[in-house]
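First the structure, in the form of structure tokens, and then the observations on it.
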Amino acid sequence: MFDAVKPAAPDAILGLTEAYNADDRPGKINLGVGVYKDASGKTPVLATVKEAERRLIDTEASKSYKPIDGDPAYGACVQAMLFGVDSSIVTEKRAATSHCPGGTGALRVAGDYLHANHPSATLWLSDETWPNHPAIFTAAGLPMKRYPYFDAKANALNFDAMLDGLSKASAGDVVLLHGCCHNPTGVDLGPDQWVKVADLCAGKGLLPLLDFAYQGFAEGIEQDAVGLRALASKVSELIVCGSFSKNFGLYNERVGSLTFVAGSADTAKAVQSQVKACVRRNYSNPPAHGGAVVTTILQDQALTTQWHGELTEMRERINGVRSLFVNTLAQKGANRDFSFITQQRGMFSYSGLTKDQVGQLRDKHAVYIVGSGRINVAGMTEGNMDKLCEAIVDVL
Ligand code: LMR
């Protein structure tokens, strides 16, 4: 049976890391996958994570299964971060959270839930979006359409076209929105624009599905929730897929969350029972460790404050590197103005480089970036900046 199997195309993002690892050229640079690196080029384990792990070693009493949707304490921490502790969504118990294996796991469970419970819903994705979105929701069997988002010529959001595109969605359709740090463009809605999108969703009866993988990487935990909170104030039902991969640096622990907000506590319970059925037939129940680390930190005021400091340090380093990147490109003689990159938010810079230029970067210079021209700014350091910018200027 297996002899007839054809090799699959490598993954657009993780496949790059495989190719990078197999490359033996010295000075190679991997700016593909969205992983933070510090000034020395290492992906650190946060000090708060290490401290939480030390505490867990001492206190963990069992390796028995977790509930299908994870520990309630983890869900409470997630909801406080998403909606704020005093939110009526939390106090009225209108939200139900599942601990899922990463943001990707949360998206897939959301897709399975939608397919099983709302089979006539079409999912609307931004144009462009994270390449794994269409793959995940195709696997879940959802019909999909695109709404305009990014204007490549202006390197900016095309908000009028976005609203126009979304106005074509039908009541009961689902709209996937990036909570902040839009992946791959780094171009987000402003607060007023979020209100307009929330009004549109409320007016047309659309269900927002927020992919919120980078909370804290644009401006801060609270500030980055402005879009989510605008939606939550206008619509009574929404879905949020969260991830602690980036803001806690817990990439390989696969610690994400899937939160459904419903109109009442009873409805939230019924929906959660369907979500649990999806989880059970998929991976049964979540891996414990990452969720326990996050819960340990967020339940301890001193650790939480320290973690906010670590997150701020990551965010500020990325913003500093963004400016250095733009300035170094100019110094090296780039024939194009890249200053728009300093306006983009989060880990990624949407460079405008063509597929051909991306190929040349890899073949001639051992610089790996995503085929769409997306560059992981969080992987740049002072050490690799000159080589990177010389390579980009060469392919331009
Ligand atoms: C990325 O876009 O690089 C990250 O979200 C990691 C991934 O799984 O693709």
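Things worth noting here:
- Of all residues making up region 225-252, the number that are away from the ligand (no atom under 16 Å from the Cβ) and either assigned to a helix (DSSP H, G or I) or not assigned by TED's automatic domain parsing to the domain that holds residue 81 (or both): 10
- Remark: pairs (first residue in region 1-20, closer than 18 Å to residue 361 by Cα and of a type in the set (Gly, Ala, Ser); second residue assigned to a helix (DSSP H, G or I) and more than 13 Å from the ligand (Cβ to nearest atom); Cβ separation under 8 Å; 6+ apart in sequence or on different chains) = 19/362.
- Count of residues meeting criterion [modelled with pLDDT of 95 or more and either within 13 Å of the ligand (Cβ to nearest atom) or of a type in the set (Lys, Arg) (or both)] in region 2-12: 1
- Total residues in region 108-130, condition over 23 Å from residue 271 (Cβ atoms), within 13 Å of the ligand (Cβ to nearest atom) and at pLDDT 95 or above: 2
- Criterion (within 20 Å of residue 378 (Cβ to Cβ), under 23 Å from the mean Cα position of the chain (by Cα) and either in the same structural domain as residue 133 (by TED's automatic domain parsing) or of a type outside the set (A, V, I, L, M, F, W, C) (or both)) met by exactly one of 75, 27, 34: 34
- Among the residues of region 346-357, just one is surrounded by fewer than 22 Cβ atoms within 10 Å (Cβ to Cβ) and either within 16 Å of the ligand (Cβ to nearest atom) or within 30 Å of residue 225 (Cβ to Cβ) (or both), namely 352.
- Restricted to region 121-155, and to residues there that are of a type in the set (D, E, K, R) and part of a loop (DSSP other than H, G, I, E, B), the residue that is farthest from residue 351 (Cα to Cα) is 128.
- Residue that is surrounded by the most Cβ atoms within 10 Å (Cβ to Cβ), among those in region 126-140 that are closer than 21 Å to residue 275 by Cβ and in contact with a Leu (Cβ under 9 Å, 6 or more places away or on another chain): 137
- Segments classed as helices (runs of 4 or more DSSP H), wholly inside region 290-396, with at least 3 members that are among the polar types (S, T, N, Q) and over 26 Å from the mean Cα position of the chain (by Cα): 301-331
- Every condition in (1) away from the ligand (no atom under 16 Å from the Cβ); (2) not in a helix (DSSP H, G or I) holds for residue 182 except the one numbered (1).
- Residues satisfying the stated conditions in region 358-389, i.e. touching an Asp or Glu at 6+ places or on another chain (Cβ under 9 Å) and more than 15 Å from the ligand (Cβ to nearest atom): 360, 361, 362, 364, 365, 366, 381
- Within this structure, residue 86 fails the test of being away from the ligand (no atom under 16 Å from the Cβ), of a type outside the set (S, T, N, Q) and more than 28 Å from residue 238 (Cβ to Cβ).
- Here residue 93 qualifies as on the phi > 0 side of the Ramachandran plot, assigned to a loop (DSSP other than H, G, I, E, B) and over 24 Å from the mean Cα position of the chain (by Cα).
- Residue selected from region 180-209 under the condition small (Gly, Ala, Ser) and buried (at least 21 other Cβ atoms within 10 Å of the Cβ), by the criterion farthest from residue 237 (Cα to Cα): 186
- In region 18-54, the residues that are hydroxyl-bearing (Ser, Thr, Tyr) and at pLDDT below 95: 40
- Per-region count, region 56-72, residues closer than 14 Å to residue 294 by Cα and buried (at least 16 other Cβ atoms within 10 Å of the Cβ): 2
- Consider region 290-336 and keep the residues that are among the hydroxyl-bearing types (Ser, Thr, Tyr) and touching a Cys at 6+ places or on another chain (Cβ under 9 Å). The one that is surrounded by the fewest Cβ atoms within 10 Å (Cβ to Cβ) is 328.
The values are calculated or read from the model by the stated rules, or taken from the named source; none is laboratory data. As the structure is a computational prediction, the values presented were derived from the model and not from experiment. In this analysis, Cβ positions are derived from the backbone assuming ideal geometry, glycine residues included, and neighbour counts consider all displayed protein chains.
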